[in-house]
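One structure below.
The values are calculated or read from the model by the stated rules, or taken from the named source; none is laboratory data. Being a predicted model, the structure only gives us computed values, none of them experimental. Using ideal geometry, Cβ is built from the backbone for each residue, glycine included, and neighbour counts are taken over all protein chains shown. When the accessible area is computed, the model is the full protein with side chains, heavy atoms only, and any ligands, DNA or RNA have been set aside. Shrake-Rupley method; radii C 1.70, N 1.55, O 1.52, S 1.80 Å.
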Amino acid sequence: MPGVKPASPAEATVKAVALGIFLAFVFGAANAYLGMKAGQTVAATIPAAVIAMALFRLPAFRGGVLEQNITRTAASVGEALIAGAIYTIPSFVMVEINGVRLWQDLGSHYWEASMVLATGGLIGVLFIVLLRHPLCVDAKLPWPESVASAEIVKAGDKAGEATRYIFGAMGLGGLIQILKSDKGLLIFREYSEGFLAFPRSVVQHFNFRKEPLASVTHTGGIPWATPALSPALIGVGYIVGPRLASINVSGGILAWWVLIPLLLFFDPDLATRLGAGQNVGWDAAAYTVWYNVVRPIAVGTMLVGACYTLINMRGSIVRSLRGAWQASTAAAHEGKLVERTEHDIPVKWVIGGIVALLVPITAIYYYFTRGWVAALAAAVLMTLTGFLLSAVGGYLVGLVGSSNQPLSGLTLSALVLSALIMVAIGVKGPSGVAAVLGVAAVVACACSVSGSLIQDLKAGHLLGGTPWKMQVVELVTVTLLSFFLMLPIIALHQANLATGGIGGRALPAPQAGLMAQLAKGIVGGQMAWGLLAMGAAFGIALVLCGARAPMLIAVGMYLPFETSSAIFVGGVMKWIADRVSARYSDPEKARVEERGTLLASGLIAGEAIVGILLAVTFLSGLSSITRLLAGSDEFSFFPALGGWLSLVAFAVLAYILIRIPTQREP
C-alpha cells in the first residue's frame, strides 16, 4: 500500500489466511444448522482466536500474534455471514401468498441467494471501514469480546500468571457450559422461570360524569426468570462494568416487570382467547405478549435510539472521513508515511466499491420487483439503512459484544422501512414482499458482517494489527463464503422435507419466520404500526429526559430477561470488586483490573468454545452426554435439585471474579 512504512511483522501470510478461510467454512456450516434449529448461532471470534493460538504454537505451523489475528478475522466471517443468511433467506420459502410460496425451493434460487449474501457481506465490510476510526479509536467503548480475544492471544504469547488466569477460567467456563447445557451432562439448571399471579381485582369503570359503566375483573401477573447461569454473559457484564450492565437490565425490568404485567392486567381474557376457549396459561400468554407486542415496541425505540446514536457520533464520523480522505490523498501524492496501525483501505477506494456494488444490488431488486423505480428505491434505501444500522450495530458490539448484538431488531428495522417505501410507491403482492425481504436480507448480512469485523478490528487495534490487511482478508473471505454457505442451507432443507423443510418442525427458523410474517403483513396492510409508533414515542421521551444510552435500554427490552439479568450479575460482581479495591494503591488497582479482565475473558472463551463443540457432537448424532450415560435426557434428581445446584456454580463464579482479582500480593 502506498505511503506505509516498509518494515512490518509477518501478518497476512498464506497459512494465516488459508487457515482462517477453512475455519470460516467450518463455523459457517455448523451454525447454519444450529441457527435454523434453535434460532441462535455461536459467536466464532473467541473460539477462532483460541484455535489459531493453539495451531500457531505447533512447531510445523509456528506463527506470530499478528498472523493469529488475521486467522481469527477470517474465521469469524463464517458465523457472521450465516447469521445474516438464516435470518432472512429462508423467509423466501416460508412466505405464502394466496397459497403459493414465494420460492418453491432454495436449490433453484442458489445464485440469487448467493448474490444477496455476497453483496450484503461486501458492502457491510466497506461500511465498517468508514467507521473504524470513530468506533475503535474515538468512541470510548468497553469492547468486551474484543478485549477477551486480545487478552487470550497476549496470554498465549507469554507464559506466567496471565496464562494461568485465562486458561484456568476457560476451563471453568467450559465445564459449567457442559454441566448446564441440554446437549452436555445436565447437572445445573441454566435458569428458572415462573409466573407470579396477581390477586383478582374488580375495577369499577365510569364515564366522564362518574356514571357507572361496568365492573371488570382483572387478573394477570408478573412473569419472572432468574439470571442465566452463563459464564459468558456474566463475563461480558464484568467487562462492560456496572453502569452499562445496569442500563441494559433496566430495559428488561421495564419489559418484563412493567409492560407485560400491565398488558396482561388490561386484558384478563387474553389467555382464554389464545387457546380458542381453553386457557393456555399465563406463562404462554406472557411470552407471546413479549414476542409480538413488547418487542415491536422495542424496535420502535431502537429506531429512535439509532438516530440519536448517529447524531451524537456525527462529529466523529465526519472528522474521521475527512481526515482519512485527506491523509490517504496526501500520502499518495506527497509520499507521507501513515502509521501502520492506522492505515485503512483508502476512502476513495471504499466509496468506489460501494458505488460499484449498487449495480448488482439494483439488478437483484429489479429481479424481485420487475420495476426499475422500485429497484432503485430499494437500492437507495438499502444503502442508507445499511450504513445507519451498521454504525449502530457496530456501536452496540462495542457495548455488549457481537454475541449480544440485536441483529434481528436491526434487520426488522430495515424490513419495516423498506416495506413503507414499497407500499408508498405502490409495489404490492409477491413482488412487494420479495423486495422487502431482499432489502432486509442485504442489510442483515451487512450488519452481521460489519459487527463481526469491527469487533475483530478493535482486537487487532489492541494487538497492533494492520487494519487494511484485515479488511482485505475479510473481503476475500466474504466473497468465497457467499457461494459456499447456501449449500449446507439447501442440503438441510432438502434432508428435512418430511417434516416441512425450513419452517417445519425440525428446522423452525424462528427469525426467518418472523421476517416472513411481518413482510407479508406490512405489504398486506396488517402491520401493527401503533406498536412501532409507541416505541418511537418512548425513545423520544428517553432522549428528552436525558436517559443514559436509550439504545441499550431498548436492547434490554428486546432480550429475554434471563440474558439481560445475567449481564447485570456480572456488572454487580465488578462493582463489588471495585469497592473492595477502592483503597488499594494505583498499581494494585491496575493489577486487579488486569486479573479481572483476564478471568472474565477466559470465562467468555470457555463457554463459547464448548458451545461449538457440543453443537458439533449434536450434529454428529449424539443428542446429549446425559442420554449417553443415563439413557434419558436428564437425571432423576435434576427437576428437584438442578436449580439449587446452580447456586454453587454462581458462588464459584463470584469467587473467581471478586476474590481472586482483589487478592493482594504477600
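The residues of region 640-666 that are under 31 Å from the mean Cα position of the chain (by Cα) and more than 18 Å from LYS574 (Cβ to Cβ), listed by number, are GLY642, GLY643, TRP644, LEU645, SER646, LEU647, VAL648, ALA649. Scanning region 513-561 for residues that are open to solvent by less than 30 Å² (accessible area, probe 1.4 Å), touching a residue at least 60 places away in the same chain (Cβ under 8 Å) and within 30 Å of ALA600 (Cα to Cα) yields PRO550, MET551, LEU552, ILE553, ALA554, VAL555, GLY556, MET557, TYR558, LEU559, PHE561. Do you know which of the residues in region 638-664 that are aromatic (Phe, Trp, Tyr) and within 27 Å of PHE167 (Cα to Cα) is most open to solvent (accessible area, probe 1.4 Å)? The extreme case among them is TYR655. Counting only residues that are of a type in the set (A, V, I, L, M) and closer than 23 Å to MET534 by Cα, region 233-288 holds 14 of them. A count restricted to region 176-217 and to residues that are open to solvent by 50 Å² or more (accessible area, probe 1.4 Å), hydroxyl-bearing (Ser, Thr, Tyr) and in contact (Cβ under 8 Å) with a residue 24 or more places away in the chain stands at 2. Taking first residues from region 468-490 that are more than 19 Å from MET36 (Cα to Cα) and partners that are among the hydroxyl-bearing types (Ser, Thr, Tyr) and at pLDDT below 90, the Cβ contacts under 7 Å between residues at least 6 apart in sequence or on separate chains come to MET470/THR73; VAL473/THR73; GLU474/THR73. Annotation for region 506-519: at least one member residue is closer than 26 Å to ALA29 by Cα, touching a helix residue (DSSP H, G or I) at 6+ places or on another chain (Cβ under 7 Å), in a loop (DSSP other than H, G, I, E, B) and modelled with pLDDT under 85.
Checked against the criteria, ALA148 counts as within 20 Å of the chain's Cα centre (by Cα) and either at pLDDT below 85 or open to solvent by 20 Å² or more (accessible area, probe 1.4 Å) (or both).
Considering LEU388, LEU376, LEU410, LEU396, the condition of being under 27 Å from TRP111 (Cα atoms), of a type outside the set (Asp, Glu), part of a helix (DSSP H, G or I) and in contact (Cβ under 8 Å) with a residue 40 or more places away in the chain is satisfied by LEU410 alone.
Only one entry of SER623, SER581, SER564 meets the criterion of being buried (at least 24 other Cβ atoms within 10 Å of the Cβ), in contact (Cβ under 8 Å) with a residue 60 or more places away in the chain and of a type in the set (Ser, Thr, Tyr), and that entry is SER564. What residue, among those in region 72-99 that are open to solvent by 10 Å² or more (accessible area, probe 1.4 Å) and assigned to a helix (DSSP H, G or I), is nearest to ILE152 (Cα to Cα)? Across region 72-99, the extreme among qualifying residues is GLU79.
Yes or no: ASP138 charged (D, E, K, R), open to solvent by 30 Å² or more (accessible area, probe 1.4 Å), in contact with a helix residue (DSSP H, G or I) (Cβ under 9 Å, 6 or more places away or on another chain) and more than 27 Å from SER390 (Cα to Cα)? No; evaluated as a whole, the condition is false for this residue. Only residues that are assigned to a helix (DSSP H, G or I) and open to solvent by less than 50 Å² (accessible area, probe 1.4 Å) were counted in region 218-249, giving 18.
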